[in-house]
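Remarks on the structure that follows.
The values are calculated or read from the model by the stated rules, or taken from the named source; none is laboratory data. These numbers were taken from a predicted model, which means no experiment stands behind them. Note that each Cβ is placed from the backbone with ideal geometry, even for glycine, and that neighbours are counted across all protein chains shown. Each accessible area value is taken on the protein alone, full model and side chains, heavy atoms only, with ligands, DNA and RNA left out. Shrake-Rupley method; radii C 1.70, N 1.55, O 1.52, S 1.80 Å.
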Amino acid sequence: MRATIHDIAHAADVSTATVDRVLNEREGVRAKTRDHVLAIANRLGYFGDPAPAATDSVRIDFVLPAGTNSFMAALGRHLLEEAATRPLIRPSLHVVEGFSAEKLAAKLHELRGHTDAVGLVGLDHPQVRDAIVSLRDSGVKVATLVSDIPISARMAYVGIDNRAAGRLAGLLLGRFLPAGVEHRIAVFVGSLAYRGHEEREMGFRSVLGEEFPHLRIARILEIGDDRERAYDVTGQLLREDPPAGIYNIGAGNQGIARALQEAGRQRDTVYIGHDLTDATQRLLLDRTMDAVIDQNPRVEAREIVRALAAAVRGESEPSYLPRLQVIFRENIPVA
């Protein structure tokens, strides 16, 4: 039999009125109490089967965007490797079209009833939020990774502070490009449908407006995190209106770099991007890129696996924000 409100109230040591407010998503309950009540309800089987014991296996499904993004490919490998170190976790990795909310939501709905937990890099979109709520209501634990979806039923976010990352990029460009003359900047965006990309762009604009009025954003170019599109767009930009600086918010670094190199402008353009990969490391070494703002995918994989496994078992783990790190040519980490 499914647990009753009285069962949950007794186990959580709260009133039945509090449990009723939590289960019906009404206001008037502190976030900590709400999380506690939901964890007890899940453990007692109110949303479905009771949470597995510590000796039971846990299925975790990871959903990442498809494409040529080297960082996402590395993240996928680390997720599977981290899960493999824990014998009671059964991982599965799924890739979906990165900028289709409909396809992502369909994949999440498909996982309902077939998994214990889901970690995803997702678009902040009503269809995706609805799919997360549906998973939550069925007893599945959901955590976001790299880019958050805060107004949803996700139980944790694992990733960097993306607004701070954008401010850091603005600080670097502002210090690289001398004051006293206006410099035109081009900003490349994967998609503002990713909250992480939107937050980086907002942080970048903010610090330029506060501290570097000599930098002007002349172009914002959406490239869909696609390497070949990045190459084509950059080539056209360099022919029409070469910028003094480039900030690439998402993926596509290799395409931008190839266009700069072919135009002979790699030393004339300050170029800041994200995520240390084999490709961006080479671009730092040959001075095509000036700095890379890095997040550690191995750490993020470890933390989301840990958080989801604990949540499925009715335990609590704090959210973790990995630290930002700026990598230059002279401080590339030794493998």
By how many nm would the segment from I151 to I332 grow when fully extended, if each residue of separation counts as 0.36 nm and the alpha-carbon distance is taken off?
61.5 nm
So for the range 235-335, using the alpha carbon gyration tensor with a ≥ b ≥ c as root eigenvalues (a/c under 1.5 gives rounded; past that, a/b versus b/c decides prolate or oblate), I'd call it prolate
Keeping the other protein chains in place, figure out the carbon and sulfur percent of the accessible area of the range 162-294, with a 1.4 Å probe.
44 percent
Accessible surface of the range 5-44, 1.4 Å probe, proportion on carbon and sulfur as whole %:
47 percent
Whole-number value, in Å³ per residue, for the convex hull of the alpha carbons of the range 5-44 is 54 Å³
Between R219 and D13, Cβ-based FRET efficiency (R0 51 Å, step 0.05) works out to 0.30
Nearest-0.05 FRET efficiency for E240 and Q261, computed from C-beta distance (R0 30 Å)
0.95
Heavy atoms only, probe 1.4 angstrom, no DNA, RNA or ligands counted: give me Y157, Y271 ranked by accessible area, highest first.
Y157, Y271
How would K32, K141, K103 line up by accessible area, probe 1.4 Å, largest first?
K32, K103, K141
Using the Cα centre of the range 127-246 as the reference point, and only Cβ charges (+1 on K/R, -1 on D/E), how large is the resulting charge dipole? Debye, rounded to the nearest 20.
240 debye
Can you pull out the GluC sites (Glu not before Pro) in the range 16-124 whose DSSP state is coil and whose Cβ has at most 12 other Cβ atoms within 10 Å?
E25, E27
Provide the per residue accessible area, probe 1.4 Å, for the chain, rounded to a whole number of square angstrom.
47 Å²
Computed E for V181/D278 - FRET, C-beta separation, R0 30 angstrom, nearest 0.05
0.25
